[in-house]
Amino acid sequence: MEEKNKYDYGIKSTLAQCWAISGPWLLHIDLGIQVITSTIVIGTVENNAFKDKNEFLTITSEEASWFGSLQYLFTPLGNVFSSLLLDRFGHKKCMILTNIPCLVAQIILYYAKNVEMLYASSILMALSIGLLKAPSLGYTGEVCEPKLRGTLTSTMTIFYYMGTIILTMMHSITKQWRLTMIVATMFPIMTIIILLTTPESPMWLLANGKPLKAQQNLRRLRGKVSHEKCENEFQEMIKYSVPAKSDEPNDKNDTNALKQLFEPEVLRPFRLMMIYFFYRNLFSLLTLLPYLVSIFNKFGAPVNVEWTISFSMSLCIVGSVMATFLIRTLGKRFLTLLSLSVCSVCYIIIGVIGVNWTNAEPLKSWIVLILFFINNLISSAGLTPITWTLLTEIFPAKSKNIACNISTALFFVITFCMTKYYPDYSHLVEFYNVFTINGIIGLFGCIYFYFCLPETENKTLQEISENFK
């Protein structure tokens, strides 16, 4: 039974897989660039914050809030388009397509003369982000062999943070946000060129009745090995993907897809992902990004807030790098429980100290700040990268594309709600009590994942799917 997991392709296979997912890696650099774009533009043009005499465009705080939030509102629409296109055109063509609205949005920003053009660019970037997630993650999950899947998929987060740092560094060099935007267009162009050289997913080819092409692409992805060398893995792929076309051959595909969403093997992983999304957002920086300045000010540590924010993002990169090694050695289940428990304890201690320790104010400020840094590091080494790795693995082949797209769309809805209503939540229960309550909720999450989260590391997609039947 274990032999089928030990394909033993060698270093050429690893290099071939790295080249194949270089496209998704570049897409996640594009993602980081798009997410941080609003920060740079708003920071420059909101009430002409830098008093730049050469900048004629000025927006109010209300207009800035709309420009920054439109990405959350329209990203699910991109997910809908992605679900309609994936089965028909495949992962590769959809990944190429997602660069088009990104490229157009950056050009619009360069020529922006009014706030309406800013809104249009934000909506286009939202559509690009929505189109991006499912094909890039689905492709990575399908082309990587089991022993490398978790490690290579987790690296997506590293490239996302690289994108945020690349754009901020470009802006610090050019000092002009319009020039920064037009220079950034080289990334979607480069991504398209790279994607044109990579093979389509063998799993998608199998599901669309192209077994010979699928086997050819699998051999290419495993370092151009012989037919016999990859035969075991190819047979596993057939077992996993054939039901997508053979369960009910007389029914319409669209009807099948809707029915399949309500089957236990889809509903159970879907419920698991929704809960995982919630805890991922509860302890990651994503939902707190707009409020980091006020959070650090309330901590009261004698630090420069701007550099502190940069340091926090750097810790996220360090955590993402750690994840590429920890997932392989510890497994996703153990790493989830470990990271969630550590983050929960950090939050509880922050809350308890903040509420009850009224003396030694400078020491208290440093302790809560360091605990917050530890939470950022641990969550980015566990919960954040594992989220997207799980999404590529736990849904059955027959409903993977539509389930991944619906899940991703709901992730952005959850993110929007948690970000939008954080100030109200903080005002209702008071600042430090937010950390205490979130930490206690996190401990309940540890109990849930202990009983409901299976180990997926070094398992074939077929074996993972069997866990939810």
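The values are calculated or read from the model by the stated rules, or taken from the named source; none is laboratory data. Not measured: the values here are computed from a predicted model. Positions of Cβ are backbone-derived with ideal geometry, glycine not excepted, and every protein chain shown enters the neighbour counts. Heavy atoms of the whole protein, side chains included, go into the accessibility calculation; ligands, DNA and RNA do not. Shrake-Rupley method; radii C 1.70, N 1.55, O 1.52, S 1.80 Å.
Looking at this model, which pairs from Lys113/Lys298; Lys92/Lys147; Lys133/Lys175 are more than 29 angstrom apart at the alpha-carbon? It would help to have the intermediate numbers written out before the result.
Numbers: Lys113/Lys298 37 Å; Lys92/Lys147 23 Å; Lys133/Lys175 31 Å.
Over 29 Å apart, Cα to Cα: Lys113/Lys298; Lys133/Lys175.
Could you tell me the accessible area of Thr58 in Å² (1.4 Å probe, neighbours in place), rounded to the nearest ten?
Only protein atoms counted, so the area is about 70 Å².
For Tyr291 and Cys417, what does the FRET efficiency come to when R0 = 25 Å and r is the distance between their Cβ atoms, rounded to the nearest 0.05?
On the way: r = 15 Å, r/R0 = 0.59.
The computed FRET efficiency comes out at 0.95.
Sorting His28, His227 by accessible area (1.4 Å probe), largest first, what list results? All intermediate terms of the calculation are to be shown ahead of the outcome.
On the way: His28 5, His227 75 Å².
Heavy-atom accessible area, descending, gives His227, His28.
Taking the solvent-accessible surface of protein heavy atoms with a 1.4 Å probe, what is the per residue accessible area of the chain in Å²?
Numbers: 20140 Å² over 469 residues.
With all protein chains present, the chain gives 43 Å² per residue.
Excluding ligands and nucleic acids, what accessible area in Å² is computed for Cys417 using a 1.4 Å probe, to the nearest 10?
The accessible area comes out at roughly 60 Å².
Ranked from the most accessible area to the least, with a 1.4 Å probe and all protein chains present, what is the order of Glu466, Glu200?
Working: Glu466 90, Glu200 25 Å².
Order by accessible area, largest first: Glu466, Glu200.
What ranking do 66-75, 96-105 get when scored by the average of other Cβ atoms within 10 Å per residue, highest first? It would help to have the intermediate numbers written out before the result.
Working: 66-75: 19.3, 96-105: 22.2.
The most tightly packed comes first, giving 96-105, 66-75.
Shape of region 134-247 from its Cα gyration tensor (a ≥ b ≥ c, root eigenvalues): rounded if a/c is under 1.5, otherwise prolate when a/b > b/c, or oblate? Each step should come with its number before you reach the end.
Working: a/c = 2.81, a/b = 2.63, b/c = 1.07.
Prolate, since a/c reaches 1.5 and a/b exceeds b/c.
With +1 on the Cβ of every Lys and Arg and -1 on the Cβ of every Asp and Glu, and nothing else charged, how large is the dipole of the chain about its Cα centre, in debye rounded to the nearest 20?
800 debye
Give me the angle, in degrees from 0 to 90, between the Cα long axis of helix 99-111 and the longest principal axis of the Cα atoms of the chain, rounded to the nearest 10.
Between the helix axis and the principal axis of the chain, the angle is about 30 degrees.
Using a 1.4 angstrom probe on the protein heavy atoms only, could you order Met274, Met237, Met169 from most to least accessible area?
Working: Met274 35, Met237 10, Met169 110 Å².
Highest to lowest solvent-accessible surface, that is Met169, Met274, Met237.
How large, in percent, is the carbon and sulfur part of the accessible surface of the chain at a probe radius of 1.4 Å? Show your work: numbers first, answer last.
On the way: 13400 of 20140 Å².
Within the chain, the accessible surface is 67 percent carbon and sulfur.
What do you get for the angle between helix 156-174 and the principal long axis of the chain? Use alpha-carbon atoms, 0 to 90 degrees, nearest ten.
40 degrees
Computed from these coordinates, which is volume of the Cα convex hull per residue in Å³: (1) 142; (2) 171; (3) 191?
(1)
At 0.36 nm per residue, and after removing the present C-alpha to C-alpha distance, how many nm does the segment from Val80 to Asn356 gain when stretched out fully?
94.6 nm
In degrees from 0 to 90, rounded to the nearest 10, what is the angle of the helix 361-381 Cα long axis to the longest principal axis of the chain?
20 degrees
Can you tell me the relative contact order of the chain? Whole percent, Cα pairs under 8 Å, sequence separation 6 or more. Please list the in-between numbers first.
Details: 679 pairs, mean separation 110.7, N = 469.
About 24 percent, as a whole number.
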